[in-house]
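To keep things clear, I will list the structure first and then write my remarks on it.
The values are calculated or read from the model by the stated rules, or taken from the named source; none is laboratory data. None of the values given here were measured: they were computed from a predicted structure. With ideal geometry, Cβ positions are generated from the backbone for all residues, glycine too; neighbour counts draw on all protein chains shown. The protein model used for the area step is the full one, side chains on, heavy atoms only, and it has no ligands, DNA or RNA in it. Shrake-Rupley method; radii C 1.70, N 1.55, O 1.52, S 1.80 Å.
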Amino acid sequence: MNSLLRVEDLKTCFYTDAGMVKAVDGISYDIQEGETMGLVGESGCGKSVSALSILRLIPYPPGKITGGKVVFEGKDLLQISEDEIRDVRGNRIAMIFQEPMTSLNPVLTIGLQIGEALEIHRGLKRKETRDEVLKLLRMVGIPDPERRIDDYPHQFSGGMRQRVMIAMALSCNPKLLIADEPTTAVDVTIQAQLLETIKDLTSRLGTAVILITHNLGVVARYVNRMAVMYAGRIIESGPATEVYEHPRHPYTVGLLASVPRLDKPRVGRLVPIDGQPPDLIRLPPGCSFFPRCSHRMQQCSMERPELRIVGAGHLAACLKDLGS
Amino acid sequence: MTGQYIIRRLLIMLPVLLGVSLIIFIMVRIIPGDPSMVMAGPHATKDQVEQIRTQLGLDRHPVSQYFIFIGNLFRGDLGTSTRTSLPVTKEIMARLPNTLLLALASILIATVLGVLTGIIAGVKQNSKFDYLSMLVALFGLSMPVFWLGLMLMLLFSIHLGWLPAVGAESFKHLILPAITLGANSMAIIARMTRSSMLEVIRLDYIRTARAKGLKEKLVISRHALKNALIPVVTVIGLQTGTLLGGAVLTEIVFAWPGVGRLLVEAILARDYPVVQGVVLLVATMFIFVNLVVDILYAYLDPRIRYQ
Ligand SMILES: Nc1ncnc2c1ncn2[C@@H]1O[C@H](COP(=O)(O)OP(=O)(O)OP(=O)(O)O)[C@@H](O)[C@H]1O
Ligand code: SF4
Ligand SMILES: [Mg+2]
């Protein structure tokens, strides 16, 4: 079976005054039609950069995609022309961004901002666009759409703005939705509502989803599969429940211990992982988790662990076998 | 909303203008020199000077002088020129159209060219155009109006003979003074537009626009430009004010028969009613420009409109 999206050894760097930041350092994964995948990891591990790289939205300079393939519907998005990638953006692959406060243009009405993708990709006329936008607003649960369509972003709450972003992203019925921490900036009850909305709509439309978050506890409920990133690489991936219940990489274990779990009553305290994420300019030669790992062995500082199969569809990049 | 907003702003203008008139009234009276003596001439007798003083109303108490001044002002009477014995309003009206024409042409050139240059330089950061235009802008910034005017005149009128050097008879006469007066503002507007553009283009909503698949042209014209122009509008407003000052110099260099030259002539002749009238007029224009800027602001930024 052909995957909807196949990312192969993707590498993205930032050339800064301090040196070359390897933000994404060779990641690979597949997504099938309609599948949902969670991408988790601490702040700064390269989640957003890897997502932006898919649509070639990395600002150059200082950023640059330095290698790999992003094969979507059979075409390598890193090789096609500017015109072709523009036709993919917002049409076949849509994105919801991390910051709902700043991701909408303050001087344009939300109606215009949602309708734009429809105008350029579907060639809809003004009136048809407006009708379609009203439908979308209703779909994402914005009350009284006729009255709100000509409002500006500052007239909406954080949660409502993120609904506007969802409407915008789903307007052209994309095959893949990349939601980059869509809920970080809103409060907890609204987070759950937003995730439910995304889950409902995408499963109804058959949209595949990459859900980016640093909250492992949340993600397992909403995705089929999960990939854990550390220092620009994927260090564990597999079926969400499997990774959640039987983590095989010490970093994933630590991550799970540091967030509240929704499935079990809390026994003990939440333990944050000791130490700081590594400097992406000067990565250690061996395992990048070495300095913080409580299972480390001597060989870990010399040999870089590759992903290997540890269970059914379950991969982990650790030299030590933690068992299941 | 907008209509109400404008009316409110117009009403605020009234007390400001009253304040301005008071300051001007006091200023003119503080300047050393007695207008009645100047008018009467060096050989006049004491009685003659007193007579003129009474005629001008200068024998009354300053407070009542001020109320008479304000009362007259509301009737559109700015007094009589001591130099020509014509009503001040007539003197000003004869010169005002010339100054307005010059100022308008200058700010138009400065705005259109400045904004365009700024946008291109910002969008094509570090390009040849960017470097070259910002170098020229730096010159434009550091060049005194007086000197630039003379240099342009030397090159285009005397050396090349393309444009007339002085006077205000035709459209051709307008070109050099307008460029001279606008150059400084153009440079400032271009630099401001560029830096504002550079700032906006890095923002999240621009990335959102690109992620939708918009062409770069549309990203700039629809998403970046309006936001980038908000601070530029303020600068344009301030420049219009500065320009009114620069107009005096430009009018002298190019013998442009405007209000600025009238002011200089009036000062030299101690023609206080005219000085008073011109300064009041310039202040009014300045306040009016500010009003226009605020309205434009509200048009560009819905966050202000809905406050
Ligand atoms: N414009 C940039 N210039 C230089 N470095 C950058 C830039 N953007 C990102 N980086 C670097 O890339 C790394 C990965 O950043 P990224 O935004 O992908 O992290 P993230 O996993 O999304 O974190 P978060 O959870 O905080 O969103 C960071 O360590 C950062 O230093
Ligand atoms: S390879 Fe070694 S250091 Fe790295 S996570 Fe596994 S045990 Fe820890
Ligand atoms: Mg991020």
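Identify, please: which residue in segment A:107-129 is within 9 Å of chain B (Cβ to nearest Cβ) and not hydrophobic (A, V, I, L, M, F, W, C) and is, among those, surrounded by the fewest Cβ atoms within 10 Å (Cβ to Cβ)? Before you say what the answer is, go through the steps one by one.
We begin by selecting, within segment A:107-129, every residue within 9 Å of chain B (Cβ to nearest Cβ); these are A:107-109, A:112-113, A:116-117, A:120-121.
Now restrict to residues that are not hydrophobic (A, V, I, L, M, F, W, C): A:109, A:113, A:116, A:121.
Working: A:Thr109: 18, A:Gln113: 25, A:Glu116: 25, A:His121: 21.
So the residue we want is A:Thr109.
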A:Leu256 vs. criteria within 16 Å of ligand 3 (Cβ to nearest atom), more than 14 Å from chain B (Cβ to nearest Cβ) and among the hydrophobic types (A, V, I, L, M, F, W, C) = no
Of (1) closer than 15 Å to B:Thr250 by Cα; (2) buried (at least 17 other Cβ atoms within 10 Å of the Cβ), B:Ala187 fails just (1)
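Go through B:Glu50, B:Glu91 for me and flag whichever is outside the structural domain of B:Ser170 (by TED's automatic domain parsing), part of a helix (DSSP H, G or I) and open to solvent by less than 70 Å² (accessible area, probe 1.4 Å).
Only one candidate qualifies: B:Glu91.
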Pairing a residue in segment A:284-300 that is near ligand 2 (Cβ under 8 Å from one of its atoms) with any residue that is open to solvent by 60 Å² or more (accessible area, probe 1.4 Å) and modelled with pLDDT under 90, where Cβ atoms lie under 7 Å and the two sit 6 or more apart in sequence or on different chains, gives A:Gly286/A:Met302; A:Gly286/A:Glu303; A:Gly286/A:Arg304; A:Cys287/A:Arg304; A:Phe290/A:Arg296; A:His295/A:Lys320; A:Met297/A:Lys320
Filter segment A:44-103 for residues that are on the phi > 0 side of the Ramachandran plot and within 16 Å of ligand 3 (Cβ to nearest atom); the one that is modelled with the lowest pLDDT is A:Gly44
Scanning segment A:55-106 for residues that are of a type in the set (Val, Ile, Thr), facing chain B (nearest Cβ under 9 Å) and in a loop (DSSP other than H, G, I, E, B) gives A:Thr102
Selection from segment A:40-95 of residues among the aromatic types (Phe, Trp, Tyr) and surrounded by 18 or more Cβ atoms within 10 Å (Cβ to Cβ) yields A:Phe72
Being more than 14 Å from chain B (Cβ to nearest Cβ) and within 13 Å of ligand 1 (Cβ to nearest atom) narrows A:His246, A:His214 down to just A:His214
All-but-one check, B:Pro257 against (1) surrounded by 20 or more Cβ atoms within 10 Å (Cβ to Cβ); (2) not β-branched (Val, Ile, Thr); (3) not in a helix (DSSP H, G or I), failing number (1)
Among (1) hydroxyl-bearing (Ser, Thr, Tyr); (2) closer than 30 Å to B:Val123 by Cβ; (3) surrounded by 16 or more Cβ atoms within 10 Å (Cβ to Cβ), B:Ser142 falls short only on (3)
- [ ] For segment A:76-91, state whether one or more residues are touching a helix residue (DSSP H, G or I) at 6+ places or on another chain (Cβ under 8 Å) and within 16 Å of ligand 2 (Cβ to nearest atom).
- [x] no
- Do we find a residue being of a type outside the set (D, E, K, R), surrounded by fewer than 24 Cβ atoms within 10 Å (Cβ to Cβ) and within 14 Å of chain A (Cβ to nearest Cβ) anywhere in segment B:281-296? yes
A careful count of residues in segment A:275-324 that are of a type in the set (Asp, Glu) and either within 16 Å of ligand 1 (Cβ to nearest atom) or at positive phi (or both) gives 1
For B:Arg202, the lone unmet condition from (1) without any contact (Cβ under 8 Å) to a residue 40 or more places away in the chain; (2) open to solvent by less than 10 Å² (accessible area, probe 1.4 Å); (3) outside any helix (DSSP H, G or I) is (2)
With the first residue restricted to segment B:206-232 and required to be facing chain A (nearest Cβ under 8 Å), and the second required to be acidic (Asp, Glu) and open to solvent by less than 10 Å² (accessible area, probe 1.4 Å), Cβ contacts under 8 Å at 6 or more apart or on different chains are B:Ala209/A:Glu116; B:Lys212/A:Glu116; B:Leu214/A:Glu116
Among (1) open to solvent by 40 Å² or more (accessible area, probe 1.4 Å); (2) at pLDDT 90 or above; (3) closer than 19 Å to B:Ala105 by Cβ, B:Trp162 falls short only on (2)
For segment A:151-170, pairs from a residue that is within 11 Å of chain B (Cβ to nearest Cβ) to a residue that is in a helix (DSSP H, G or I) and of a type in the set (S, T, N, Q), with Cβ under 7 Å and 6 or more apart or across chains, are A:Met168/A:Gln113
Checked B:Gln239, B:Gln276 against criteria (closer than 29 Å to B:Ser85 by Cβ and assigned by TED's automatic domain parsing to the domain that holds B:Leu176); the one match is B:Gln276
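Sort out which residues of segment B:196-205 are facing chain A (nearest Cβ under 7 Å) and under 17 Å from A:Gly63 (Cβ atoms), and write them in order of number. Show your work before the answer.
Restricting attention to segment B:196-205, the residues satisfying the condition of being facing chain A (nearest Cβ under 7 Å) are B:203-205.
Correct list: B:Leu203, B:Asp204.
To keep it simple, each residue is scored yes or no on (1) open to solvent by 20 Å² or more (accessible area, probe 1.4 Å); (2) at pLDDT below 95; (3) aliphatic (A, V, I, L, M).
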residue	(1), (2), (3)
A:Leu134	yes, no, yes
A:Pro143	yes, yes, no
A:Gln155	yes, yes, no
A:Gly158	no, yes, no
A:Arg161	yes, yes, no
A:Glu181	no, yes, no
A:Ile190	yes, yes, yes
A:Leu194	no, yes, yes
A:Asp200	yes, yes, no
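In segment A:12-25, how many are buried (at least 16 other Cβ atoms within 10 Å of the Cβ) and either within 16 Å of ligand 2 (Cβ to nearest atom) or more than 16 Å from the chain's Cα centre (by Cα) (or both)?
5
Could you tell me which residue of segment B:237-254 is modelled with the highest pLDDT, considering only residues that are β-branched (Val, Ile, Thr) and either open to solvent by less than 10 Å² (accessible area, probe 1.4 Å) or closer than 13 Å to B:Ala103 by Cβ (or both)? Reasoning before the result, please.
From segment B:237-254, those β-branched (Val, Ile, Thr) are B:240, B:242, B:248, B:250, B:252-253; that's our starting set.
Next cut, either open to solvent by less than 10 Å² (accessible area, probe 1.4 Å) or closer than 13 Å to B:Ala103 by Cβ (or both) only: B:240, B:242, B:248, B:250.
Numbers: B:Thr240: 85, B:Thr242: 83, B:Val248: 84, B:Thr250: 89.
Within segment B:237-254, the match that is modelled with the highest pLDDT is B:Thr250.
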